[in-house]
Amino acid sequence: MLDLIKRQLTQSIATMTRVLNDEGIHAAVVEAGRITAEAMKSGHKLMVCGNGGSAADAQHLVAEFVSRLTIDRPALRAVALTTDTSILTAIGNDYSYDNVFERQVEAIGMPGDVLLAISTSGNSKNCVKALKLAGTLGIHTVAYTGNNGGAMAALADINVIIPSDTTMNIQESHLALEHIYCMVVERFYFGKDFGQKPQHLAE
């Protein structure tokens, strides 16, 4: 059992180390943060979608924007497309589960908004459809993926592709980079001297 723990931690650290050393990933996160901050400054919003663990990431990340991550500051405009069960089940029932994010982008997306789609495989059909529609509506698109980016890589303006094909390790790196993405947006939006020192509070 101890071998299992050590093996999994070693694998996780190896993936994170590859991310740490990949300047392309770093540049993509910075660019995504810059575009998102500029959109929010202009009155636009961030929309986030994903399935399963990536749905949890979408909700988690949006909570950091609307509440706070490390500094006290005004709320930032963001919405998770994964949270309204009536919308999700209606679209899934009336159309298809493949349309659950696309339909919401159609309803509330505006030119100048940002859509962040999260998928470890890069091939989630509902994320693919949402990205395709967003691209036709003048919405900036960002994809957090693994697996060499999958089908989503060709559809997103900015790609953050984790160099792994192991779902759990991709998700672990996604979460770290999602927190950093939020911090980058804060920095571009408010400036480096805004707010109080980081808060370390038990949740």
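The values are calculated or read from the model by the stated rules, or taken from the named source; none is laboratory data. All values derive from a computational prediction rather than experimental measurement. Heads up, the Cβs are rebuilt from the backbone with ideal geometry, glycines too, and the neighbour counts pull from every protein chain shown.
Just wondering, is there one or more residues in the range 125-147 that are surrounded by fewer than 19 Cβ atoms within 10 Å (Cβ to Cβ), of a type outside the set (D, E, K, R) and either closer than 20 Å to residue 12 by Cβ or modelled with pLDDT under 95 (or both)?
Checking the range 125-147: not a single residue is surrounded by fewer than 19 Cβ atoms within 10 Å (Cβ to Cβ), of a type outside the set (D, E, K, R) and either closer than 20 Å to residue 12 by Cβ or modelled with pLDDT under 95 (or both).
Just wondering, is there one or more residues in the range 13-35 that are farther than 21 Å from residue 146 by Cα and either in a loop (DSSP other than H, G, I, E, B) or out of contact with any helix residue (DSSP H, G or I) (no Cβ under 7 Å at 6 or more places or on another chain) (or both)?
To start, the set of residues in the range 13-35 that are farther than 21 Å from residue 146 by Cα comprises 34-35.
Okay, now just the ones that are also either in a loop (DSSP other than H, G, I, E, B) or out of contact with any helix residue (DSSP H, G or I) (no Cβ under 7 Å at 6 or more places or on another chain) (or both), so 35.
Looking for residues that are farther than 21 Å from residue 146 by Cα and either in a loop (DSSP other than H, G, I, E, B) or out of contact with any helix residue (DSSP H, G or I) (no Cβ under 7 Å at 6 or more places or on another chain) (or both), one finds at least one in the range 13-35, hence yes.
May I ask you to list the residues in the range 36-53 that are within 16 Å of the chain's Cα centre (by Cα), within 14 Å of residue 115 (Cα to Cα) and part of a helix (DSSP H, G or I)? Lay out the reasoning, then the answer.
Pass one, the range 36-53, residues within 16 Å of the chain's Cα centre (by Cα): 36-37, 39-40, 45-53.
Filter again for within 14 Å of residue 115 (Cα to Cα), leaving 36-37, 39-40, 45-50.
Of everything in the range 36-53, those that are within 16 Å of the chain's Cα centre (by Cα), within 14 Å of residue 115 (Cα to Cα) and part of a helix (DSSP H, G or I) turn out to be 36, 37, 39, 40.
Only residues that are surrounded by fewer than 23 Cβ atoms within 10 Å (Cβ to Cβ), aliphatic (A, V, I, L, M) and under 22 Å from residue 10 (Cα atoms): list them for the range 162-192, please.
Within the range 162-192, 168, 175, 176, 177 qualify.
Restricting attention to the range 110-124, and to residues there that are under 16 Å from the mean Cα position of the chain (by Cα) and in a loop (DSSP other than H, G, I, E, B), which single residue is surrounded by the fewest Cβ atoms within 10 Å (Cβ to Cβ)?
Restricting attention to the range 110-124, the residues satisfying the condition of being under 16 Å from the mean Cα position of the chain (by Cα) are 113-124.
If we keep only those that are in a loop (DSSP other than H, G, I, E, B) too, we end up with 113, 120-124.
On the way: 113: 25, 120: 28, 121: 19, 122: 27, 123: 15, 124: 25.
Filtering first and then ranking leaves 123.
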